[in-house]
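Here is the structure we will look at, set down as structure tokens.
The values are calculated or read from the model by the stated rules, or taken from the named source; none is laboratory data. Computed from a prediction, not measured in an experiment: that's the story for all the values here. Side chains included, ligands, DNA and RNA excluded: accessible areas come from the protein's heavy atoms. Shrake-Rupley method; radii C 1.70, N 1.55, O 1.52, S 1.80 Å.
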Amino acid sequence: MGRGRAKAKQTKVARELKYNSPNMDLDRLKADLGVNGSTTRSTTEGDDPNADDEYDDDEYSAYLVDDDD
């Protein structure tokens, strides 16, 4: 027990986030992230980390654990 205050604070914060939208400056966010409005990144075959996967033809390959990480 003893979670009364902690839970009340979490509830208060959650309610504020749900009903009060924060003021966001999206242009500044784009500038911070270095995103240009006209620049989009497309994925190519060279970007695929699994392109040389030796288990491509195995139907159970999705269940394998990669030990390289």
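The heavy atoms of Val65 present about 120 square angstrom of accessible area, all protein chains included, probe 1.4 Å. In plain terms, the chain from Ala6 to Tyr63 could stretch by 16.5 nm, reckoned as 0.36 nm per residue minus the Cα-Cα distance.
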